[in-house]
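Below you'll find the structure, written out as structure tokens, and then a few comments.
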Amino acid sequence: MINGKLLQTCSRVKWCKVTDMEQISTHEMKTNLSLIFDRINHNHEVMKVVRNKTQSVILLDANDYNSLMETLYLLQNQANAERLRKGIEQHRQGQMREIDVKAYVD
């Protein structure tokens, strides 16, 4: 799986379904570690490293992981989750305005 196809998949979508996630063996990972890390860091790909039939590990960029954790934290509060959903919907409908954020930055 790590060969010419590697370069072709570097333009993949940022986040994919779990079923679309590329799976590699531990041998493939050891052999191509630097290249795999580059793909994960630069292209925001998520990879599944399969150890054996029952164990595997998911690899993703640390910033992407932090973003997921922050999103989960924000969505834990029902009121906050509803505000976020409302804001996303308003943005989709073009109900937004630009503001100067300098006044809000320390």
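FYI, it's all coordinate maths here, none of it is from the lab. All of these numbers come straight from a predicted model, not from anything done at the bench. Backbone-built Cβ (ideal geometry, glycine too); neighbour counts: all protein chains shown.
Using R0 = 35 Å, the C-beta based FRET efficiency linking Glu89 and Ile58 works out to 0.70. The distance between label points at Met96 and Ser34 comes to 3.9 nm (points 7 Å beyond Cα on the Cα→Cβ vector). Relative to the current alpha-carbon distance between Asn80 and Asp106, full extension at 0.36 nm per residue lengthens the span by 7.0 nm.
About the centre of its Cα atoms, segment 58-105 shows a dipole size close to 260 debye [charges on the beta carbon of Lys, Arg (+1) and Asp, Glu (-1) only; nearest 20 debye].
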